[in-house]
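Below is one structure, written out as C-alpha cells; the observations come after it.
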Amino acid sequence: MIKGKKILNILSLIIISTLIVGCGNSGSLKSKKEIRIGVTLYREDDVFISTISDNLEEIVKENESNYDFKIFLEFVDAKGSTLNQGNQIDKFINQDYDAICVNLVDRTAAATIIDKAKSADIPLIFFNREPVEEDMNRWNKVYYVGAQAEQSARLQADIVSEQWISNKELYDKNKDGIIQYVMLEGEPGHQDALIRTEYCIKSLNEKGIQLEKLADDSANWQSDQANSKMTQWIKEFGNNIEVVFSNNDVMALGAMYAINSNSDLIKKPIVVGIDGIKESMESIKAGEMTGTVISDANAQAEAIFDIAIDVAQGGSLENIGDMENGKYKKLPHTKVTIDNVDEYLK
Ligand code: GAL
Ligand code: CA
C-alpha cells in the first residue's frame, strides 16, 4: 500500500513538472530550432563598436547551451555607407531573420528600415546610434540600446574639476582662475557627441568653475583627425591650453599623441576621454591621459543579446529590467583615473 502511494506521488510529480515545463515552452513564445540574428555595424573599424561586437559574439558562445535552440549570429560591416546598410538589412529581411540589430550609419534615416522590418514583422534592435524619437515611435517592435550620455559628460566633468581644484598651480597655466580649453567633438549630429559636449561644460559651470573656450571642432570619433586638429591648436594656442575635452577615447589618444610630439610648445594639460578602451586605460596608467569614463560595452552587448533573443521568440521583454517606455535600455558609466585604473587593467 505504502509503496503504491509512493509510486503515485512520483507519478504526479512527473505529471506536474511536465506541465510546468510544457507551459514554459508554449505560451506566447514561438518554439524554434534556430534563432537567426543579423547585426549591421556602421563601421567595423570603430574601436568602441568592435568592442561591442566582440562582446556580443562572446556572450552568444557562453549562453548558447542554455537554450534548446541554436543561435546563429551574423555580423556585416556597412563601412560608413547608408546604401550598403540598406542592402544588408534587405538581405536579412529576405532571408527571414528572427531579429535585426542595427548600428545606424545615419541616425536620422531609420524610417525606411523600420517600415520594411514592420511589413516583414521582424523586430529591430538599434544600438549606439539612436534613431530620432519620431522614428522610434513608428512601430512597437523597435528597441534601442545605448549609454547614458548626460551621465558620461557629468562624470568627465567630475574628473576635470577634481584635477583642476587639487592641482591648480600645475594646470592653471596663466593663473587667471579660468579653464582655457579645447573640445574634440565626435561625429556631428551623433546623440553622444551633442550631449557630451553640452553637459560636460554645463556641469563644470554648475560646480562654479569658469571656462573659456579656445577652440572646438569635430574629429569624427577618429584618432588621426584629432591628432591633426590638436597639432593645429597647439601651434595656435601653445601652452595656453589647460584642458582637452574629448567626446571619446581614441580622439583623446590622438590629442595625447600631438601633445607628446610638441612637448617644446605645450606642457601637459588635463586630457579626458570617454569609452574606457584598453589603450586609454594604459595611457592613464602611464600618467598621460588624466581620465576616462567607461561606456560599458559588455553590458550594452548583454542588453542587445537579451532583447534580441526575447523578441526573436515573440517575447515581450518581461525579464528585461529598466526599460524606458518599454523601448529604451540605457546603461550607466563609471569614471576612471590613476586612482582606480588598476582595477580595469587586470
Ligand atoms: C560613441 C563612442 C564613440 C564611437 C561612437 C560610434 O558612443 O563613444 O567612440 O564608437 O559611439 O557611434
Ligand atoms: Ca587659466
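Report the local net charge at V142: Lys and Arg +1, Asp and Glu -1, summed over other residues whose C-beta lies under 9 Å from its C-beta.
Numbers: positive: K118, R138, K141, K327; negative: D135.
Charge balance in the 9 Å sphere: +3.
Roll a 1.4 angstrom probe over the protein heavy atoms and tell me the percent of accessible area of the chain that is carbon or sulfur. Mind dumping the intermediate values first?
On the way: 8350 of 16770 Å².
Answer for the chain: carbon and sulfur cover 50 percent of the accessible area.
How would you classify segment 137-267 from its alpha-carbon gyration tensor, with a ≥ b ≥ c the square roots of the eigenvalues: rounded for a/c under 1.5, else prolate if a/b is greater than b/c, otherwise oblate? Could you put the intermediate results ahead of the total?
On the way: a/c = 2.64, a/b = 1.49, b/c = 1.77.
It comes out oblate by the Cα gyration axes.
Using +1 at the C-beta of Lys and Arg and -1 at the C-beta of Asp and Glu, which of N205, N239, A226 has the Cα lying farthest in the positive direction of the dipole of segment 195-310?
Sorting the options by dipole projection puts first N239.
So if I take the centroid of the Cα atoms in segment 155-198 and the same for segment 31-109, what is the distance between those two points in Å?
Here the answer is 35 Å between Cα centres.
Normalise the Debye intensity by I(0) for segment 111-207, one equal point scatterer per Cα, no solvent, then take log10 at q = 0.16, 0.18 Å⁻¹ and round to two decimals.
Results for segment 111-207 at q = 0.16, 0.18 Å⁻¹ read -0.76, -0.86.
What pairs in K79/K335; K229/K267; K173/K346; K61/K330; K213/K329; K79/K346 have C-alpha atoms more than 28 Å from each other?
Long pairs (Cα-Cα over 28 Å): K79/K335; K173/K346; K213/K329; K79/K346.
Taking a ≥ b ≥ c as the square roots of the Cα gyration tensor eigenvalues, with a/c under 1.5 meaning rounded and otherwise prolate when a/b beats b/c, else oblate, which class fits segment 220-319?
Verdict is prolate for segment 220-319.
Highest mean first, what order results for 321-331, 115-125 on Cβ atoms within 10 Å?
In descending order of packing, they fall as 115-125, 321-331.
By the scheme Lys and Arg +1, Asp and Glu -1, what is the net charge of all other residues having a beta-carbon under 9 Å from that of D45? Working shown, then result.
Numbers: positive: R43, K79; negative: E44, D46, D77.
After counting each charged neighbour, the total is -1.
Summing +1 for each Lys or Arg and -1 for each Asp or Glu, what net charge is found among the other residues whose Cβ lies under 10 Å from the Cβ of L184?
Values: positive: K229; negative: E185, D216, D217.
Net charge in that neighbourhood comes out at -2.
Rounded to the nearest 10 Å², what accessible area does E343 show when all protein chains are kept and the probe is 1.4 Å?
Number for this one is 110 Å².
What does the highest-first list of 51-60, 283-292, 170-179 look like by mean Cβ count within 10 Å?
Descending mean neighbour count gives 283-292, 51-60, 170-179.
Rg and Dmax in Å for the chain, alpha carbons only: what are they?
Gyration radius and largest Cα-Cα distance of the chain: 24.5, 97 Å.
Rank-order 62-71, 303-312, 239-248 by packing density, defined as the average count of other C-beta atoms within 10 Å over each peptide's residues, highest first.
Most protected by this proxy first, the peptides run 239-248, 303-312, 62-71.
Given the rule -39500 (n - 2.57) for each run of at least 4 DSSP H residues, summed and divided by the residues of the chain, what is its mean residue ellipticity at 222 nm, to the nearest 500 deg cm²/dmol?
Only helices count here, giving -15000 deg cm²/dmol.
Per residue, how much accessible area does the chain have with a 1.4 Å probe, in Å²? Walk me through the intermediate numbers first.
On the way: 16770 Å² over 346 residues.
That works out to 48 Å² for each residue.
With every atom except the alpha carbons ignored, what do you get for Rg and Dmax of segment 80-134, in angstroms?
10.3, 28
The values are calculated or read from the model by the stated rules, or taken from the named source; none is laboratory data. Predicted, not measured: the structure shown is a model, and the values here were computed from it. Glycine also receives a Cβ, built like all others from the backbone with ideal geometry; neighbour counts cover every protein chain displayed. Note: accessible area is taken over every heavy atom of the protein model, side chains too, but ligands, DNA and RNA are not part of it. Shrake-Rupley method; radii C 1.70, N 1.55, O 1.52, S 1.80 Å.
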